[in-house]
Amino acid sequence: MDARKFIDKQVAEIRKTVGSDKAISALSGGVDSSVATVLAHRALGPQLKAIFIDNGLMRENEPEEVKAAFSQLGLNLEVVEAGAEFFEALQGKTDPEEKRKAFRYAFYKVFGREVVKSKARFLIQGTIAADIIETRSGVKTQHNILEQIGIDPEKGFGFKIIEPLKDLFKHEVREVGRELGLPEIIFQRMPFPGPALATRIIGEVTPEKVELVRKATRIVEEELSPLRPFQAFAVLMNDMATGLAAGQRKFGHIIIIRSVESEDALTAQPTPVPWDVLTGLARRITTEVPSVVRVAYEITSKPPATIEYI
Ligand code: XMP
């Protein structure tokens, strides 16, 4: 793929499709939606509005970084603070699919509220080839949010969906991002799922658990980023286990570290992390997040495991 030619072609196509109408983009700050948003912005300028929903489930400083990066690009960005609504939707849910659906419902409620206010006729989505393949084969159910919950965006809102990246795989999306002049902090980001840290908490998602897994995630990213894995993160288990502190029994949390190598996210292998890096990680996590008493490293490929835990 020639990134420059791809951009020229997509910019021309988006302009032709949208004409003099308005378009809206749901920006999560992940690589795909960021690249799709900047591509559409190049095509449409002020005819595009990007909506960034702060769902309260993002990584440390992520909302601030995304807001700052996109404000600098001169984009028309609307930030919607909606953490409370997401936590409310997730409250009491423990089943993985129920959690995904609750997230999607909250997303749709918040996003839908914002878009009906606008007079946009097009919705830009960062769907990529792997999403389509996995959605079709039934592996995951997240993408094409509106259509998957049985809403035809055109009938419901008078929207048409534009998916400029639907034929690209992740590494190609990054090339396009680089060519578009996105800051490296955005296009070199590890893939991060739409439901954010909710996918990395087994059992009920609460603000306390999010805070815990967020801290562990930062430590994992700091320690493993130098190895440049495809994706590395922390997962909080639902069970607790016995440990000890100052000679006393201490019942605490279990964190799993997941780090994988992959090209397209359809298959993945565990990163061969050096032993001293792993033991250093266990030390840092149990010290800096003292309610954690055990840290384990996950060694399963995809398949049979998936990359995320829910
Ligand atoms: P799995 O867990 O299916 O993940 O092996 C494959 C890739 O997709 C990401 N992922 C998601 N991305 N919404 C997304 O936008 C989701 O619901 C979702 N679930 C998984 C995952 O992080 C990995 O890169």
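General remarks:
- Subset of segment 172-201 (residues that are among the β-branched types (Val, Ile, Thr) and within 17 Å of the chain's Cα centre (by Cα)): 173, 185, 186, 199, 201
- All positions within segment 76-122 that are within 30 Å of residue 238 (Cα to Cα) and hydroxyl-bearing (Ser, Thr, Tyr): 94, 105, 108
- Residue match in segment 182-195 (condition: farther than 21 Å from residue 17 by Cα, within 16 Å of the ligand (Cβ to nearest atom) and of a type in the set (Gly, Ala, Ser)): yes
- Candidates 258, 283, filtered to the one that is free of Cβ contacts under 8 Å to residues at least 12 places away in the same chain and not assigned by TED's automatic domain parsing to the domain that holds residue 52: 283
- Helices (runs of 4 or more DSSP H) within segment 11-110 that include 2 or more residues touching a residue at least 40 places away in the same chain (Cβ under 8 Å) and in contact with a strand residue (DSSP E or B) (Cβ under 8 Å, 6 or more places away or on another chain): 31-44, 62-72
- Check on residue 170, within 16 Å of the ligand (Cβ to nearest atom) and under 22 Å from residue 270 (Cβ atoms): yes
- For segment 17-75, the set of residues classified as of a type in the set (A, V, I, L, M), out of contact with any helix residue (DSSP H, G or I) (no Cβ under 7 Å at 6 or more places or on another chain) and closer than 26 Å to residue 87 by Cβ consists of 66, 68, listed by residue number.
- Selection of segment 271-310 for residues being within 16 Å of the ligand (Cβ to nearest atom), out of contact with any Lys or Arg (no Cβ under 6 Å at 6 or more places or on another chain) and within 14 Å of residue 220 (Cα to Cα) yields only 271.
- Exclusive hit being surrounded by fewer than 20 Cβ atoms within 10 Å (Cβ to Cβ) and free of Cβ contacts under 8 Å to residues at least 24 places away in the same chain, set 113, 121: 113
The values are calculated or read from the model by the stated rules, or taken from the named source; none is laboratory data. Every value quoted in this text rests on a predicted model; they were computed, and no experiment measured them. Note that we place each Cβ from the backbone using ideal geometry, even for glycine, and neighbour counts take in every protein chain shown.
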